[in-house]
Amino acid sequence: MPFLGYPSPSSGGQGEACAREGFDLGLSLDSARLCGMAYHSASAQKPSERAEVTKRIERELVEHSLELVAEVHDDVTDGYALIVQNASDVFVVFRGSCSIKNLQTDLDYKPDAAAMRTFAAEASLPLPDEAYVHRGFLEAWRALRAPVLAHVEALLSRRVLETPAGPPPKLGLHVTGHSMGGAIALLASLEFAQLSRRRRHPPFAAHTTYTFAAPRLGNREFASFFSRCFPAAEQHWALQGASDAVPHLPFAAWGFQHPRGVLKLGRASPRRSGDPGDHVDFLRPKEGKLANWVASHDLRAYLSELSQLTGVAAPAQPWVGTELPAAIPRELLGLAP
């Protein structure tokens, strides 16, 4: 790690200051790049086209000494997860929104107490009674959870069989996602933590959750619960662009709150914090142009901001998604058709 070979932050720079707080710049860049790969799945308009997408992902992973473990699709919600590994680490990556079905998930924010109770029972999580989350994101995770957990369990079991003389070498587990995928990643990480506790030998040398442009997932009680489950700073970082409005949805005034671990990029001195709230400066599009909301949310903008912490330019990136559902006319946002 990092597998893409990004340099360490320059001495005395902003990246070094973040590293002192537990932020792994190389890991964040690697995670963002994998989030970009997950968007390749959006080019398959029907299940019969998925094989070509899988081949493309495998080719890109091989270039970085990574291996595809599994892709998980849910056709009802159009959810998608990508699981990859190398000799020492496994990454679980959740794609953000790129379809009308995903947009419907994004808009389904009202909490559902019955669904929360069902999820807490499924996951054996001692969630506070007052905790609630965005219903759409919860259902998106519940649609993916069984196969995602099964693939990681199978991976861990194979490692046990390969080392019969004793406990297998521990893996680094890195859960990540962009936008909606970042919100789903928080729910997945809670379950992976439970999975680890159930095993005779804790399987993970490290367990991190790095999210990019993620909207708020739950209320204050849920945010506090998540932070108690992952108390160390290096375990959770929520990266947010200074001009990206999505991390401010659903609004704090509606009762939603990010767990501690927010890092606002694009500021003179980025520092880890709790939920920064919804000041008008965060919600106003840059230069008053709606198109800049989309541009600020794009993963390429995040890669550019992160690369500045290293002191070098970001490598050229293929299309990595703008979270713009295909049915929304781009001209309405001032974008080229």
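Quick look at the values:
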| read-out | value |
| --- | --- |
| Debye log10 I(q)/I(0) at q = 0.10, 0.19, 0.22 Å⁻¹ for region 192-287, Cα point scatterers | -0.30, -0.91, -1.13 |
| Karplus 3J(HN,Hα) series, Hz, for region 224-239 with 6.51 cos²θ - 1.76 cosθ + 1.60 (x for Gly, Pro) | 5, 4, 4, 5, 5, 5, 10, x, 7, 4, 5, 7, 8, 9, 10, 7 |
| Cα-Cα P(r), region 55-189, percent of pairs per 10 Å interval | 11, 37, 33, 15, 3, 0 |
| In sequence order, calculated HN-Hα J values of region 248-258 (Karplus, 6.51, -1.76, 1.60; Hz; x Gly/Pro) | 9, 10, x, 5, 4, 5, 8, x, 8, 8, 6 |
| Distant-in-sequence amide H partners of Asp112 (H built 1.01 Å from N, under 5 Å) | Val133, Arg135 |
| Distribution of pairwise C-alpha distances over region 14-333, 10 Å bins, in % | 6, 28, 37, 23, 5, 1, 0 |
| Amide H partners (placed H, <5 Å) of Ser179, local residues excluded | Phe212, Ala213, Ala214 |
| Listed peptides 69-82, 121-134 by packing density, highest first (mean Cβ within 10 Å) | 69-82, 121-134 |
| Amide H contacts of Asp275 (H built 1.01 Å from N, under 5 Å, at least 5 apart or other chain) | His258 |
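Readers should treat all values here as calculations from the given coordinates under stated rules, not as data from a laboratory. Here the structure is a predicted model, which means the values were calculated and not measured. All Cβ positions, even for glycine, are placed from backbone atoms using ideal geometry, and neighbour counts span all protein chains on display.
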